[in-house]
Amino acid sequence: VILGGPSADGTMNPQDSAVRLGQLICRWGTAHRLALRAGVAMGDVCAVVLVGGRTSYFGTACARALRLAEATGQDLMVHLSQEVKDNLSALRLVRVAISPSHSSYYLDPSTTVSSQYAGGRMGQRSTDAGSDEILALCLPDSKQAGSVASSQRSDLPVRDGMTLDEFRDLLLKFEVDIARFGTWPAVTLEEFFRYLVLDRKAHLRIDEDGRLERVVTIMRVSVRIQEADGAVRELRIKSQPAKGHPRMRQQPLVIVMQMLDEMPWLEAAHKCLQEKLQIGSKVMPQYVSIDEPSHTSWEQRVECASIPGISTLYRFHRVNVAVKDRSKRDLKFLGLPKGMDFSLGGKTWTWPRIDDSREDEVMRVLMAHGIDVTEYSPQAFAELFDEVHGTKVSSLELQDGRLVRTVRVIKVWLHADILNVDHVVVQRSRARGESALLTKDSPVSMRMHVDQDWPEAVAATLEGKLGLGQQFQADNVILDRSSHKVSEEVGYSRMYPGLTTNYIVNEVNARILNCNAGGPCLSIGLPWGTVFTPSRRDAWKSTDSQESDKAVAQYEWKVFEHIRQVVYMTMCASVSYAETNGDDDSAVMNPGFDDMDEDAEEVSYEDFAEEMARGRVPSPAPLQLTATSDKSSAVGALSQLMKKPRTDWVRAKRAAADIRKRGYSCKDFFDDIVAAFPELRLYCVQGKEPSETISGRTMDDEYQRTIGALFAFYWIMRLDLGGKESFCFGLDSSWNPIVGKSNLRTDEENATREDFFTHTNWSVVTQLLIDGGLLFEDMTADPHRTLAMLVLLAMHDIMKVADLLPVVHQSHDSFCGYVAGDKITDHDVALSYVMSYYPSVLPSFAGLQESQQQSILFTHCKMEYNMGW
């Protein structure tokens, strides 16, 4: 314990002196490879004389400083309390990082301190038992830095009890306008909380002006081999599974260093090689050599539109790693010695020659315009780079000072006279790899190259999608140039957060002159207008690989007058995530451009009406469960499926707040809940083996029952607003309550429903909602309690999907009669276990306030709440 006092020259107060001394001691530890930690706190100090005459100290200052030093979680770091930070004088503008608990601060020993204060001599101050407000700096027992493993840092607590409310208060304390979060292009406050506090993908610190600043550290490792001719080849990710097919990438090794993992760059390089290439730390020196002189680092500070009011400092590190002896037999798993392609960690790797650094340039352009590249998955960035510089089906342009992604689309309505009636060809469905999408009644469409004019794009689309060759088109297809029209829409994709996309849609009519021309006409279902399925390879895909994307689409001919009257609806657009190996998801705000963002699912009005008539709603697109999920994890499958999906809190809160508004229809409610809660998609899991439920019903049946439970809650919250009628008699295909008898039901069922409607004591139902805190006495809804109820209803039966059942972790010993290693087969107990120990894999539950979470845990875990269905 070292007691701090003011510096001899008076430039530093006791707080400054202790913090500065802690920093200098940690610097000394760095030079001598000693793993030191320092804690600085204020409080009382008492002295006691021990046997032998030595004086020892104890008190609140000593205890607090010791706790801070031990809780630092990272060697060679000064950990200071909030009180010390508030009392700094000379060092008040020194950059510090905020701890995960957001109640203390870290000072890095490498942080520069102005020379005005660096030379001040540390004074000493004698104390006695009567002293108060003494400042203590505590250093726990040191150890050799070489014995500190990086895994010790990853075991640190993530949030230290930090709640969303506390996080909100912290931002408000630093005058961050939190009202801007959740408004495009900014992320929601809940997403920022998860990104920063739960996922620890960055950390906050205070800049020179006293404002919050986000710090993101990125390490790029270039693993290289040299050929006999002097050419250098670099290891890159060639492809990885996406939507059932390999997605080409050419992505270098990159790791984003998490909060408290900001270790020395050399240690980070080792960690990257271990995680990405599975090279053990003990054998690594035998195989590779890190070229320390090649290490370069730089910083770039930008204002990201996705994080309003908080600037971002990017810290980049780059280093080269040379393979020592490529002829070693142990390196065969890396495709050596010949530099062959190989598979590792679910990805395909390659050794291309180094030619340019356009990827780095694209990254710099994005950051220079305030776009947070750390929010992009490696695959998303690789796809953006590929479509801009590879396939050239989009471009990055400056519009009014903003960087905009521009995508041009061609839509062709191909007409033909079938039995003297004008028909048009439309796409019914499309399958790619193992996944299939319903795209009923959409025209033949494709993304255009940036240098294509629209007539050329029409020809390429008819040939690439329908197999109609250039000669056939010249002889038998006429293009109605007068029908050409162009429309523009501005939207965004969650795959490219912060980047606005401008969709330029070209739409035109074309007509086949002779339906009996044989050959090509027969291949597209003419002259009789039959359903057909041409097989083709996407023409706009890169041709430098044999693994191009093979797509199979089904088309049909429909009467044009009928098609013109169809009203298109897109269901679940904001939660239609792209299945990319389970870890990269995107939600598209511009549905309908099926070749632009190939995860949108379109449903025609007639299909929707037919589903409603059968008492069902359309199911969302299935989630893809890969065989590479972590089998050792207690919640491996659930963790994989829910790794990236986010809750749309704007729509979730609207559903809770507007549930009793007169103009808020059941259709509005349905649109909001399916867009808000990603857990609803867990009822639609798709893997290599058919997924089953433990209830014996189909997964779609469980999804329909869950939607029914949500509808029932919506209706009983609105009993005086038509809810009674809907609860008893249901809705028609236009979302209107059915009044009285229905021709779709038997007389006995109609009579039973009428009897229930007439004789139920509805006032008791309303009083139950009031007693439960969901309704106030004035019949207004409590939005906080209502939101918690909606979250519970959305996820209460997800554990009926067998693939999602958790296994009791050995650290938990037992849970409700299940011992370590047991799979929990009771779906209610399984959900209770996940909410209790792994809440982060349920984004809607994790994003609730603590009081809301406790209500759900009490209701489901302790009262064993069940719908009884």
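The values are calculated or read from the model by the stated rules, or taken from the named source; none is laboratory data. None of the values given here were measured: they were computed from a predicted structure. In this analysis, Cβ positions are derived from the backbone assuming ideal geometry, glycine residues included, and neighbour counts consider all displayed protein chains. Protein only, heavy atoms only, side chains kept; ligands, DNA and RNA dropped before computing areas. Shrake-Rupley method; radii C 1.70, N 1.55, O 1.52, S 1.80 Å.
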What percentage of the solvent-accessible surface of segment 731-869, computed with a 1.4 Å probe over protein heavy atoms, is contributed by carbon and sulfur atoms? 53 percent
With the cut-off at 28 Å, tell me which of the pairs K347/K411; K653/K823; K741/K800; K465/K558; K238/K823; K201/K667 have Cα atoms farther apart than that. K347/K411; K653/K823; K741/K800; K238/K823; K201/K667
In segment 720-802, which GluC sites (Glu not before Pro) fall in coil by DSSP and have 11 or fewer other Cβ atoms within 10 Å? E777
Could you give me the ³J(HN,Hα) list for segment 843-860, computed from phi with Karplus coefficients 6.51, -1.76, 1.60 and θ = phi - 60°, whole Hz, x at Gly and Pro? x, 5, 6, 5, x, 6, 5, 4, 5, 5, 4, 5, 4, 5, 4, 5, 5, 8
If Lys and Arg each add +1 and Asp and Glu each add -1, what is the summed charge of the other residues whose beta carbon sits under 14 Å from the beta carbon of D291? +2
Tell me, what is the per residue accessible area of segment 735-820 in Å², probe radius 1.4 Å? 56 Å²
